[in-house]
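Below is one structure; the comments refer to it alone.
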Amino acid sequence: MSSVSSDDFRDSFFQECEELLEAMQDGFALMVSGAHEAETVHAVFRAVHSIKGGAGAFGFDALVAFAHHFETALDKLRSGDLEAGEETLMLFQRCGDHLADLVSAARDEAGGPLPGGEELREELDSLIGEQPQEEEGLPAFEPVVLDLDAMGEAQEGPGSISILFEPEADLFRSNNEPALLFRSLERLGRLEARADLSRVPLLEDLDPEQCHIQWQLGLETEESEGEIRAVFEFVEDACRLEISSLGAAGLEDGDLPSLEDLISVSPEASLLAETAPPPPAQTAEKTESATEKTSGGPPRGAATATIRVDLDRVDKLINLVGELVIKEAMLSQSIAQLELPSENEVSGGLESLKQLAGEIQEGVMAIRAQPVKPMFQRMARIVREAATATGKRVRLVTQGEHTEVDKTVIERLIDPLTHMIRNAVDHGLESPEARREAGKPEEGTVILSAAHRSGRVMIDISDDGGGINREKVRKIAESKGLVSPEADLSAVEIDNLLFLPGFSSKEQVSELSGRGVGLDVARSEVQTLGGRVSIASTPGEGTTFSISLPLTLAVMEGMVIEVAGQTMVVPITAIQESLQTRTAEIHSIGATGRVVANRERLVPIVDLGETFGLRRTPQNLDGHVLLMVETDSTTHCALIVDAIQDQRQVVIKSLETNYGHVHGVAAATILGDGRIALIIDPDSIIRDTVGAAGADLQLQLAR
Amino acid sequence: MSLKILAVDDSRTMRNLISAALGRAGFEVDLAEDGEDGLRRLADALPDVIITDINMPRLDGFGFIENVRKLYRDRIMPILVLTTESAPDLKARAREAGATGWIVKPFDEEKLIWAIERVAIPGGGT
């Protein structure tokens, strides 16, 4: 459509769309909470308006068309013709969702209207109670065309045209310049102009800012009247314009002065000269210094300045900083071995280097950190959709949306979070009737919050529903053979049954959160991010799912251990506690199985050395250490390790590119002394070695 | 000497498009994000032609035009409104504020340049 189609511009348009959509969602959220001001509505309007404007430039017609309808309705809200009632806001939010879909479709080059758009349009139209005008571009003042043709033969096309141009007195105020209009007309053909000075007042009465002149123009042209009118487009509301055809007959020569004559004598031309600004030299100087200031000066406006950087570059930098930290640690170790006097320059310098490296690392990590807000906004939509699908009324409250998390973590958290949000609406909240009976407001609340807590990110999904029906959960688990009917389970243990593979608490898989995917999948997705999920539920009051995540995927707090002469790292987040074997209560089960009694339960013992094929499990565990690891509240395991060396931050180096996925190994790292250590993945070890995820539960039942 | 244009638009996309189009046409372009920003730019350097959007935060197009006309009374500085709005009452308001012309988006490079050439007085403003 337009000659501008550079990919860069498109990218920048879509990036801006994201920001505008975010601003729009923010605005709606404010309106829903009732805390909005007039400016909120304006901002939402502008966001939709800007999307429409940009989309028009790129020819995304479906997007423009819908944005136009949406904008028209928002304009009514803006002008106060429309109340921001609950229904209206719901509709607007759905329209916002649709708009976001259209933007995505345009980005994916899948232009064209999307399903549901027509219905929304109709709803919008009926909301504002009128058929939107398709064409409102007609000028207020439609000049009357007088046919002054003496010969009586009106003619299209080539011929002589007579134009009467009678500007209003304030023409100059809008900086429209008749001489320029005439110049444009000259491009259409031979022009002759005659100024009518009869209305020019005496000098003492003359207001130099007013236009007192009228013109009678003669134009010989091949162009249509439309072309001529187009020249007067900007002044048509500020003048009387009469255009008439004189037929093919030529103008009488000498009847009208030439354009040049006219300009040179016309008072408004001298007006131009009079109002001519200060001496050019001064202006030039001023301009120059201004330009200088602009090019080197601070970013324009109050908006935060940003640059776009390839993610690859950032990741490379993160990797290099990781190396730097490792090298620094290696250097520290070598210097420590030199046994220098405690007060020496090298150690002092090294200490500041260490601090610097740490700061650089933090700074670089911060580049990848992004607020969870866009993700939360996506969840607002999920809640709306889920509410509609289940016929429930749900309000989503978000907290801590400026909490920053690694970009990759956010991206990979979307699926599990979506699932848990749907779960909260579908299974967590009761139906409006049930809520009324329970004396609760019909509208359920889901709170989605994010916060930094002791070096990790906590994301909580809370509903104020009926809480987990433990009796029912237990029955289902029993009927599916996931738990023995005799088992003595605590409330927490029952709650955690929800995470068992193959568990679905609704008898019928609902269309919404069912989809053949259980909470177990959501949980394992979180776990691959180094996160954990836990549940807390109070009958009648609601359920909270908590996701705890690392701040970044690039470094990790790990425990450095030794097994069969190998150094390995266990993620600290997986470790509950460590036990000395000689004080631990160890029982044998069967020929080879061994369990350890810990906190009222029997936990299977797994030897890391055997798991990795480094040795056979020693009979005598004396002198070894048991690391109690957990993947969630029901699955525990005790890992036999030979010694614990250290607890430290390690830089995670992925092995997958070169080795693919190795069971039991999450990644590798380089230790301070340059040795390479595997970072073990307790989850997969427990899965593979212990068998079913609920193994220790079964063991406990066997007791 | 090439024409100096100040384009005021809150949409980065529009600013990019305008800037590219005008640059190609050989104009010197300065950009501003809203009316207030526009007035700041004017304090630095006066252009030959101003192009402005209507719907903008802080100071909208109408307010911007009114201010320009008030602050720079003695200047010939044509102001073209570039907007998706086409309602007659808005046009009238813009004219009342002192706008020179009105161009309705979608953005059309040729239309924009033609409009500038129609209103610009080379060297007339400075």
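The values are calculated or read from the model by the stated rules, or taken from the named source; none is laboratory data. Note that this is a predicted model, so its numbers are computed, not measured. Glycine also receives a Cβ, built like all others from the backbone with ideal geometry; neighbour counts cover every protein chain displayed.
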Going through the range A:328-346 in order, the residues found to be under 25 Å from A:Val650 (Cβ atoms), at pLDDT 80 or above and not hydrophobic (A, V, I, L, M, F, W, C) are A:Glu328, A:Ser332, A:Ser334, A:Gln337
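For the range A:590-670, please list each of the strands (runs of 3 or more DSSP E) lying entirely inside it that holds at least 1 residues being surrounded by fewer than 17 Cβ atoms within 10 Å (Cβ to Cβ).
The strands (runs of 3 or more DSSP E) meeting that bar are A:593-598, A:601-607, A:643-651.
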Filtering the range B:5-32 down to residues that are at the interface with chain A (Cβ under 9 Å from one of its Cβ atoms), part of a loop (DSSP other than H, G, I, E, B) and modelled with pLDDT under 90 yields B:Asp10, B:Ser11
Counting only residues that are at pLDDT below 85, small (Gly, Ala, Ser) and over 23 Å from the mean Cα position of the chain (by Cα), the range A:71-111 contains a total of 4
Review point. Residues in the range A:457-476: is at least one buried (at least 21 other Cβ atoms within 10 Å of the Cβ), part of a loop (DSSP other than H, G, I, E, B) and modelled with pLDDT of 90 or more?
Key: yes
Going through the range A:159-209 in order, the residues found to be surrounded by fewer than 16 Cβ atoms within 10 Å (Cβ to Cβ) and among the polar types (S, T, N, Q) are A:Ser198
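Which of the following residues is in contact with a strand residue (DSSP E or B) (Cβ under 6 Å, 6 or more places away or on another chain) and of a type in the set (Gly, Ala, Ser): A:Gly349, A:Gly363, A:Gly400, A:Gly358? Walk me through how you get there before you give the answer.
On the way: A:Gly349 fails: in contact with a strand residue (DSSP E or B) (Cβ under 6 Å, 6 or more places away or on another chain); A:Gly363 fails: in contact with a strand residue (DSSP E or B) (Cβ under 6 Å, 6 or more places away or on another chain); A:Gly358 fails: in contact with a strand residue (DSSP E or B) (Cβ under 6 Å, 6 or more places away or on another chain).
Answer to the check: A:Gly400.
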Do we have B:Arg58 as surrounded by fewer than 17 Cβ atoms within 10 Å (Cβ to Cβ) and either of a type in the set (Val, Ile, Thr) or modelled with pLDDT under 90 (or both) here? yes
In the range A:69-105, anything within 14 Å of another protein chain (Cβ to nearest Cβ) and either touching a strand residue (DSSP E or B) at 6+ places or on another chain (Cβ under 8 Å) or without any contact (Cβ under 8 Å) to a residue 24 or more places away in the chain (or both) is listed as A:Ser79
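For B:Met56, state whether it is assigned to a loop (DSSP other than H, G, I, E, B), under 29 Å from A:Met24 (Cα atoms), aliphatic (A, V, I, L, M) and facing another protein chain (nearest Cβ under 9 Å). Even if it seems obvious, please write down each step before you answer.
Details: assigned to a loop (DSSP other than H, G, I, E, B): yes; under 29 Å from A:Met24 (Cα atoms): yes; aliphatic (A, V, I, L, M): yes; facing another protein chain (nearest Cβ under 9 Å): yes.
Judged against the criteria, B:Met56 is a match.
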Q: Confirm whether A:Ile561 is farther than 30 Å from A:Arg648 by Cβ, touching a Leu at 6+ places or on another chain (Cβ under 9 Å) and in the same structural domain as A:Gln645 (by TED's automatic domain parsing).
A: no
Going through the range B:72-114 in order, the residues found to be within 8 Å of chain A (Cβ to nearest Cβ), in contact with an Asp or Glu (Cβ under 9 Å, 6 or more places away or on another chain) and small (Gly, Ala, Ser) are B:Ser86, B:Ala87, B:Ala92, B:Gly98, B:Gly101
Subset of the range A:51-68, residues closer than 19 Å to B:Ala87 by Cβ, within 8 Å of another protein chain (Cβ to nearest Cβ) and either of a type in the set (A, V, I, L, M, F, W, C) or touching a His at 6+ places or on another chain (Cβ under 7 Å) (or both), comes to A:Lys52, A:Val64
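Yes/no per residue for (1) touching a helix residue (DSSP H, G or I) at 6+ places or on another chain (Cβ under 8 Å); (2) of a type in the set (Ser, Thr, Tyr); (3) surrounded by 16 or more Cβ atoms within 10 Å (Cβ to Cβ):
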residue	(1), (2), (3)
A:Ile335	yes, no, no
A:Glu345	no, no, no
A:Leu350	yes, no, yes
A:Glu359	no, no, no
A:Glu362	no, no, no
A:Arg368	yes, no, yes
A:Val372	yes, no, yes
A:Phe376	no, no, yes
Check the range A:394-411 and report whether any residue there is in contact (Cβ under 8 Å) with a residue 60 or more places away in the chain, under 24 Å from A:Gln527 (Cα atoms), touching a Phe, Trp or Tyr at 6+ places or on another chain (Cβ under 6 Å) and part of a helix (DSSP H, G or I). no
Those residues of the range A:56-96 which are of a type in the set (Asp, Glu) and out of contact with any Lys or Arg (no Cβ under 7 Å at 6 or more places or on another chain) amount to A:Asp61, A:Asp75, A:Asp81, A:Glu83, A:Glu86, A:Glu87
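Scanning the range A:165-221 for residues that are of a type in the set (S, T, N, Q) and in a strand (DSSP E or B), which turns out farthest from A:Val235 (Cα to Cα)?
Taking the range A:165-221 as the starting set, the residues that turn out to be of a type in the set (S, T, N, Q) are A:174-176, A:184, A:198, A:210, A:214, A:216, A:221.
From what is left, the residues that are in a strand (DSSP E or B) are A:214, A:216, A:221.
Details: A:Gln214: 14, A:Gln216: 16, A:Thr221: 21 Å.
Here the answer is A:Thr221.
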Sole miss for A:Leu614 among (1) within 45 Å of the chain's Cα centre (by Cα); (2) in contact (Cβ under 8 Å) with a residue 24 or more places away in the chain is condition (1)
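Output the residue which, of all residues in the range A:27-37 that are at negative phi and without any contact (Cβ under 8 Å) to a residue 12 or more places away in the chain, is farthest from the other protein chains (Cβ to nearest Cβ). Steps first, please.
Start the filter on the range A:27-37 by keeping residues that are at negative phi, which leaves A:27-33, A:35-37.
Filter once more, so that each one left must be without any contact (Cβ under 8 Å) to a residue 12 or more places away in the chain: A:30, A:33, A:35, A:37.
Details: A:Leu30: 15, A:Ser33: 21, A:Ala35: 19, A:Glu37: 13 Å.
Applying the filter and picking the extreme gives A:Ser33.
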The one condition B:Gly61 fails out of (1) under 20 Å from A:Ile51 (Cβ atoms); (2) touching a residue at least 40 places away in the same chain (Cβ under 8 Å); (3) within 8 Å of chain A (Cβ to nearest Cβ) is (3)
Only one of (1) within 9 Å of chain A (Cβ to nearest Cβ); (2) surrounded by fewer than 17 Cβ atoms within 10 Å (Cβ to Cβ); (3) out of contact with any strand residue (DSSP E or B) (no Cβ under 9 Å at 6 or more places or on another chain) does not apply to B:Arg40, and that is (3)
Sole miss for B:Trp114 among (1) aromatic (Phe, Trp, Tyr); (2) more than 29 Å from A:Asp61 (Cβ to Cβ); (3) surrounded by fewer than 17 Cβ atoms within 10 Å (Cβ to Cβ) is condition (2)
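Any residue at all in the range A:622-630 that is touching a Phe, Trp or Tyr at 6+ places or on another chain (Cβ under 8 Å) and farther than 30 Å from A:His427 by Cβ? Can you show your working first?
Here is the first cut: in the range A:622-630, the residues touching a Phe, Trp or Tyr at 6+ places or on another chain (Cβ under 8 Å) are none.
Among the residues of the range A:622-630, not one is touching a Phe, Trp or Tyr at 6+ places or on another chain (Cβ under 8 Å) and farther than 30 Å from A:His427 by Cβ, which makes the answer no.
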Per the list (1) surrounded by 13 or more Cβ atoms within 10 Å (Cβ to Cβ); (2) in contact (Cβ under 8 Å) with a residue 24 or more places away in the chain; (3) of a type in the set (Gly, Ala, Ser), residue check on A:Gly391 breaks on (1)
